[in-house]
1. Kindly rank 41-54, 193-206 from highest to lowest mean number of other beta carbons found within 10 Å of each residue.
2. Once you keep just the Cα pairs under 8 angstrom separated by 6 or more residues, what percentage relative contact order results for the chain?
3. Output the 0 to 90 degree angle, nearest 10, between the alpha-carbon long axis of helix 254-268 and the longest principal axis computed from the alpha carbons of the chain.
4. Taking the Kirkwood radius as the inverse of the mean 1/r across Cα pairs, report the Rg/Rh of region 219-316.
5. Scan [x] 39, 20, 16; [y] 33, 25, 21; [z] 42, 26, 16 for the value of semi-axes √(5λ) of the Cα gyration tensor in Å calculated from this model and give just the label.
6. Which length gain, in nm to one decimal place, applies between LYS73 and VAL172 when the Cα-Cα distance is subtracted from 0.36 nm times their residue separation?
7. Expressed as an acute angle from 0 to 90° and rounded to the nearest 10, what is the orientation of the C-alpha long axis of helix 34-50 relative to the principal long axis of the chain?
8. Need one number: nm distance between label points at SER20 and MET164, each 7 Å from Cα along Cα→Cβ, rounded to one decimal.
Amino acid sequence: MKAILFFLFAAQAFAQPYPSKPVRLVVGFPPGGAADFVARAFQEPLGRALGQPIVVDNRPGAGSSIAAEHVAKGAADGYTLLIASPSSILVNPLISPKAGFQPLKDLVPVSKVSSSPLILAVNPGVGVTNLRELISLLKKNPGKLNFATSGNGSAPHLSAVLFMRLAGVEMVHVPYKGGAPSVQSVLAGDTQLAFATPPSVLPLVQAGRLRALAVTSRNATPLVPGVPGMTEAGLPDYEISFWYGFFVPAGTPADVVKKLFAATEQALKLPEIAKTLAREGTETSGSTSPEGFGAFLVQDAKLWERLVRESGARAD
């Protein structure tokens, strides 16, 4: 009789509808950076949509590869979710092909959640007020200025490399373990400039502590008012945008992926999410379906592969 009761209780436990406990949202960078900001913007609304709390888990290191691999090798039950950018999903496998896993195979896309341009910001002590002045200064002083990034092969790194190629200038790369520490280095004057995500740098620009010279879109955007696009700033062939999306381990049941997508879609429709992201120069950007996000990744991979090839980026 006891055995029968045990199996009945076990069957009921296994039959509990998903989700029946908190969901962990893993971030590959420290608190204070763009990934952490977007994750925390979704934390409460996504939890409401799922009916369970979302717990943000920061696991920085290796350009977010540590977090991506942690999730990819975790239980495929829908209780561990990764927020990731092109860097961890598309770029890191190209510069570190022996990373131990293949994100596009070992992770399942759920939905894109946000997009934004990057911001080229400088320490005011550099003494330039626009992009043309920066390019002129760099040409007169090749290799004398340092640029900070959130890691080797990160979107800010590749953005700077593309800038150097198109502008015909040289700078020294100083990688950090996240967007927040890289921007702090510019603020402190340890480095002179950064191509940074809006959440990492916009509050400091608005406070007058850093100077924004351009956004990496061709044209200006209302997300970052008063800052010119690259065409107006003087580098018309330049354009890069940046996104974040949710992923789960390969093997996660299809119905669980659909529930996560539906909850994400529900959260994306909330005005509070759009307002929160807009304050930091980012906008909501969802997918039509998990399959639609997967198709987007296949196309986007071509752009980042070209940038990695042109940059010559290698693993640290």
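1. Details: 41-54: 19.4, 193-206: 25.7.
Order by mean packing, descending: 193-206, 41-54.
2. Numbers: 663 pairs, mean separation 80.9, N = 316.
Answer for the chain is 26 percent.
3. Taking Cα atoms only, the helix is inclined about 50 degrees.
4. Working: Rg = 17.1 Å, Rh = 16.5 Å.
That ratio is 1.04, to two decimals.
5. [x]
6. Numbers: separation 99, 0.36 × 99 = 35.64 nm, distance 3.54 nm.
Residue separation times 0.36 nm, minus the Cα-Cα distance, leaves 32.1 nm.
7. With rounding to tens, the tilt is 30 degrees.
8. Placing both labels 7 Å beyond Cα along the Cβ direction yields 5.4 nm.
The values are calculated or read from the model by the stated rules, or taken from the named source; none is laboratory data. Remember, predicted model here, so these are calculated numbers, not experimental data. Every residue, glycine among them, receives a Cβ derived from its backbone with ideal geometry; neighbour counts consider all protein chains shown. Quick note on the areas: whole protein, heavy atoms, side chains included, nothing else; ligands and nucleic acids left out. Shrake-Rupley method; radii C 1.70, N 1.55, O 1.52, S 1.80 Å.
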